[in-house]
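Worksheet: the structure to be examined is printed underneath.
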């Protein structure tokens, strides 16, 4: 009986993943990254005291989210026009460039986590590198509505 319940549960889970909405998934991922950046932005600007634990947690969230940034799964053909999306058609026109930007973001967030900043200056250096990726992507591959 337990095997039947477990098998049915796995089947339902698999079907749920198969029918997941890539637009909703990528928007949720971007919102999570935005929250992580926002949680430490005032620290980076020197408006809040440096908190190594808070900084590291935000960097770890960004790195984990970066690893979920699967271009093929989140930006499949056909999602450039459907739904409420700010994804630029350039994502599909310049697929290799977009993938390169995503890979750089993955590498920079992983490096920031490994750096484990313990003071404001080292955090600002890492934060600047990581958020430069955000700017590159938003300027080149996002249509602001």
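Observations on the structure shown:
- Selection of first residues in region 98-112 that are at pLDDT 95 or above and of second residues that are surrounded by fewer than 19 Cβ atoms within 10 Å (Cβ to Cβ), restricted to Cβ pairs under 7 Å at least 6 apart or on distinct chains, gives the following pairs, ordered by first then second residue: 98/71; 99/71; 101/136; 102/71; 106/67; 108/129; 112/129.
Listed here are the residues, each with its yes/no results for (1) assigned to a loop (DSSP other than H, G, I, E, B); (2) surrounded by 14 or more Cβ atoms within 10 Å (Cβ to Cβ).
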position: 41; (1), (2): no, yes
position: 55; (1), (2): no, yes
position: 58; (1), (2): no, yes
position: 77; (1), (2): yes, no
position: 85; (1), (2): yes, yes
position: 104; (1), (2): no, yes
position: 110; (1), (2): no, yes
position: 114; (1), (2): no, no
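The values are calculated or read from the model by the stated rules, or taken from the named source; none is laboratory data. Values in this document were obtained by computation on a predicted structure and should not be read as measured data. All Cβ positions, even for glycine, are placed from backbone atoms using ideal geometry, and neighbour counts span all protein chains on display.
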